[in-house]
Amino acid sequence: MEDSLLITRRPHASPTPPHARAALLEDPGFGKIFTDHMVTVRWVEGKGWHDAQVRAREPFQLDPAAAVLHYAQEIFEGLKAYRTRGNDVVLFRPRENARRFVASADRMAMPKLPEDLFVGAIEALVRVDADWIPTGEGSLYLRPFMIATEAFLGVRPAAEYTFCVIACPVGAYFKGGAKPVTVWVSDAYTRAAPGGTGAAKCGGNYAASLVAQAEAIRNGCDQVVFLDAAEHRYVEELGGMNVFFVFDDGTMVTPPLGGTILPGITRDAILTLARDEGLNVQERLYSFDEWQADAASGRLKEAFACGTAAVLAAIGEIRHVGGAFKIGGGQEGPVTTRLRDQLTGIQRCTAPDPHGWVHKI
Ligand code: PMP
């Protein structure tokens, strides 16, 4: 049965020696160093999912006419494995990533990968490369993805795909640790229009965001904030993170999932933790005009961005074509710190897990 496809183990013939691995793990950065193995699973029309393997990580052989190279039929996910103080290896809500992967596949006319196979592939890779999981602050970032491999130049869904999982040990996402970030509100570019692919984690969304991110960096900012494409009024999300606003009356606001933003798993966890705390959490449209007015009046106390890679990052300063303003004097606020501590406590098993989010391998 393809749901429980057996993953064949073909370990690396000459894996990285322990001393070389230890040197690489000293300062892994983000997304630069990769483990010895990968998982691959193939899909062919009429045959379904087959040939699941955990094997040595190596370059793909891809026909130059492979559909992914021309029409960008590609989706991906991102999640982390952590080594706990008790020396367990855990994942955070991997089924949510599996579900989002299915939703992304659906939007991009790609075959649906069974959730059990998605989670099983990740577990298999984490087990074989467990020695690559950094201790302390670091984690093993997992990148499941699927590409259309059929060699055919007609514009239609491909008939062949490869699902793959690779892994990289990572340290802190932002240089300088949990320092508040400065964001650029893009005037020139939008990320996703109604009816488009904003809610899917497809590579094309990120290709389209790069020029806006470059504009942010040119303006001395860490990340870009996108406004909605229809009215160019409402705050949507950052290039790779969702956004939250915290007010002086205990209200917390985040933009709603309307099909144009990515349904972040960190976002969902923060909503739950904040509700548990008794904060008045609202998923509602929030305009850039409101943001500026609330920062000026002092009603807005904190803003933060959240996602798997960076966890929670306070937003200290906002820049845009018309000027700049700060929130909370540019410092991280107490709600941001508390929610981050709660979330990382659950993820690393130093705090209770009341919602059953931790998945032990
Ligand atoms: N928005 C975008 C555009 C992203 O790329 C990400 C990262 N996956 C997020 C939000 C946050 O999602 P998550 O919390 O699931 O990592």
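Just a few scattered comments:
- If the condition is being within 30 Å of Leu142 (Cβ to Cβ) and β-branched (Val, Ile, Thr), then segment 286-326 contributes Thr308, Val311, Ile315.
- If the condition is being among the hydrophobic types (A, V, I, L, M, F, W, C) and not in a helix (DSSP H, G or I), then segment 314-341 contributes Ala314, Ile315, Ile318, Val321, Ala324, Phe325, Ile327.
- First in segment 83-108 and closer than 21 Å to Tyr206 by Cβ and assigned to a loop (DSSP other than H, G, I, E, B), second anywhere and aliphatic (A, V, I, L, M) and more than 11 Å from the ligand (Cβ to nearest atom), Cβ under 9 Å, 6 or more apart: Met108/Ala72; Met108/Ile75; Met108/Met146; Met108/Ala148
- Residue list for segment 268-278, restricted to those being more than 14 Å from the ligand (Cβ to nearest atom) and surrounded by fewer than 19 Cβ atoms within 10 Å (Cβ to Cβ): Arg275, Asp276, Glu277, Gly278
- Scan segment 136-162 for residues that are of a type in the set (Asp, Glu) and not in a loop (DSSP other than H, G, I, E, B) and the total you get is 1.
- Matching option when the condition is at pLDDT 95 or above, more than 26 Å from Trp357 (Cβ to Cβ) and touching a strand residue (DSSP E or B) at 6+ places or on another chain (Cβ under 8 Å), among Ala296, Ala229, Ala303, Ala314: Ala296
- One residue stands out among those in segment 209-250 that are small (Gly, Ala, Ser) and on the phi > 0 side of the Ramachandran plot: the one that is nearest to the ligand (Cβ to nearest atom), which is Gly220.
- Verdict on Val235 being within 30 Å of Arg42 (Cα to Cα) and in contact with a helix residue (DSSP H, G or I) (Cβ under 7 Å, 6 or more places away or on another chain): no
Each row is one residue, and each column tells you yes or no for (1) within 19 Å of Ala314 (Cβ to Cβ); (2) touching a residue at least 40 places away in the same chain (Cβ under 8 Å).
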site: Cys202; (1), (2): no, yes
site: Gly220; (1), (2): yes, yes
site: Ala230; (1), (2): no, no
site: Asn242; (1), (2): yes, yes
site: Val246; (1), (2): yes, yes
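- Taking segment 72-97 as the range and being more than 12 Å from the ligand (Cβ to nearest atom) and farther than 19 Å from Thr135 by Cα as the test, the residues that pass are Ala72, Gln73, Glu74, Arg95.
- Arg340 meets each of the listed conditions (1) crowded, with 18+ Cβ neighbours inside 10 Å; (2) in contact with a Lys or Arg (Cβ under 9 Å, 6 or more places away or on another chain); (3) at negative phi apart from (2).
- Test: Asp27 is under 28 Å from the mean Cα position of the chain (by Cα), surrounded by fewer than 12 Cβ atoms within 10 Å (Cβ to Cβ) and either closer than 26 Å to Ala310 by Cβ or touching a residue at least 12 places away in the same chain (Cβ under 8 Å) (or both): yes
- Val165 being crowded, with 20+ Cβ neighbours inside 10 Å, hydrophobic (A, V, I, L, M, F, W, C) and over 26 Å from Pro114 (Cα atoms): no
- Residue in segment 116-123 that is outside any helix (DSSP H, G or I) and surrounded by 22 or more Cβ atoms within 10 Å (Cβ to Cβ) present: no
- Listed by first and then second residue, the pairs with beta-carbon distance under 6 Å, at least 6 apart or on different chains, first residue in segment 154-169 and of a type in the set (Gly, Ala, Ser), second at pLDDT below 95 and in a strand (DSSP E or B), form an empty list.
- Checking each residue in segment 254-267 for being more than 8 Å from the ligand (Cβ to nearest atom) and outside any loop (DSSP other than H, G, I, E, B) picks out only Thr254.
- Pairs with Cβ under 6 Å, 6+ apart, first in segment 299-317 and more than 23 Å from Arg93 (Cα to Cα) and more than 9 Å from the ligand (Cβ to nearest atom), second among the hydroxyl-bearing types (Ser, Thr, Tyr) and in a strand (DSSP E or B): Glu317/Thr182
The values are calculated or read from the model by the stated rules, or taken from the named source; none is laboratory data. None of the values given here were measured: they were computed from a predicted structure. Cβ atoms come from the backbone with ideal geometry, glycine included; neighbour counts cover every protein chain shown.
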